[in-house]
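Trainee: What follows is a single structure, and I will ask about it in a moment.
The values are calculated or read from the model by the stated rules, or taken from the named source; none is laboratory data. It should be emphasised that the depicted structure is a prediction, and the values quoted were computed from it without experimental measurement. Counting neighbours? That spans all protein chains shown, and the Cβs are built from the backbone with ideal geometry, glycine included.
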Amino acid sequence: MSADTRSRLTDTLGRKRRSFRGWRGQRPFWGGLLTLLAGVPIMYVPYQNLTLGSLTIRLATTAGAGSLIIGILLIVLGLTMWFQPQSRVFAGVAAILLALVSLVVSNFGAFLIGFLLGLIGGALGVSWVPGIKPARKSPSEPTAEMSADDGEQHTGTQPAEGGENTGKGGSLGGDLPGASPMNGRYRAA
């Protein structure tokens with residue numbers, strides 16, 4: 001391997017990592033992951049045997065098919081949170097409800113492991129909100145100035161002649177109807 005090949009490899013890995021980080025930031029990734037992981041023990045535990053020495057304990061319940069369905073639905077809801085972030089609230093609420101049902105159906109929610117993962121994952125899915133990109137100000141927009149003497153914010157526009165804003169779009173450009181120096185919107189010059 002040459003030094004050139006090594007730099008390309010690290011560049012490619014860095015690009016993929018940044019791409020994954022961007023993808024992960026646009027969806028409830030951790031909520032989906034925990035919900036997906038909750039489905040595995042819920043559908044696995046009821047079909048297994050526990051062996052303690054020479055004693056074999058069968059963990060199967062009468063609702064073994066119910067455990068399988070709950071586990072599969074939790075996996076699907078976790079994938080839904082990843083690939084359909086618009087339906088995150090529905091998927092999160094459904095995951096919480098299925099985790100609660102697994103307490104009764106699937107050996108106390110697969111010994112509370114699947115229950116807790118489903119509960120926390122569903123809560124993270126419900127509470128996740130997409131980030132808002134900060135708006136860029138154009139240089140032509142007027143900036144608000146803060147007056148040091150009274151702490152009020154002023155936009156730099158002055159009242160029309162006579163000290164009143166008529167609200168008809170005169171020299172103020174139709175700022176706020178009824179705004180005048182009397183109600184505190186404008187300050188006398």
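Trainee: Restricting to region 47-62, and then to whatever is part of a strand (DSSP E or B) and modelled with pLDDT under 80, can you tell me which residue is farthest from the chain's Cα centre (by Cα)?
Mentor: Taking region 47-62 as the starting set, the residues that turn out to be part of a strand (DSSP E or B) are 49-52, 55-58.
Applying the additional criterion that residues be modelled with pLDDT under 80 yields 49-50, 56-58.
On the way: ASN49: 39, LEU50: 39, THR56: 44, ILE57: 42, ARG58: 40 Å.
Top of the filtered list is THR56.
Trainee: Considering (1) more than 18 Å from the chain's Cα centre (by Cα); (2) under 12 Å from GLY39 (Cα atoms), say which one LEU79 fails and leave the rest.
Mentor: All conditions are met except number (1).
Trainee: Further question: Can you list residue pairs whose Cβ atoms sit under 9 Å apart, with the first residue in region 126-143 being within 30 Å of GLY31 (Cα to Cα) and the second being modelled with pLDDT under 65 and in a loop (DSSP other than H, G, I, E, B)? Count only pairs 6 or more apart in sequence or on different chains.
Mentor: none
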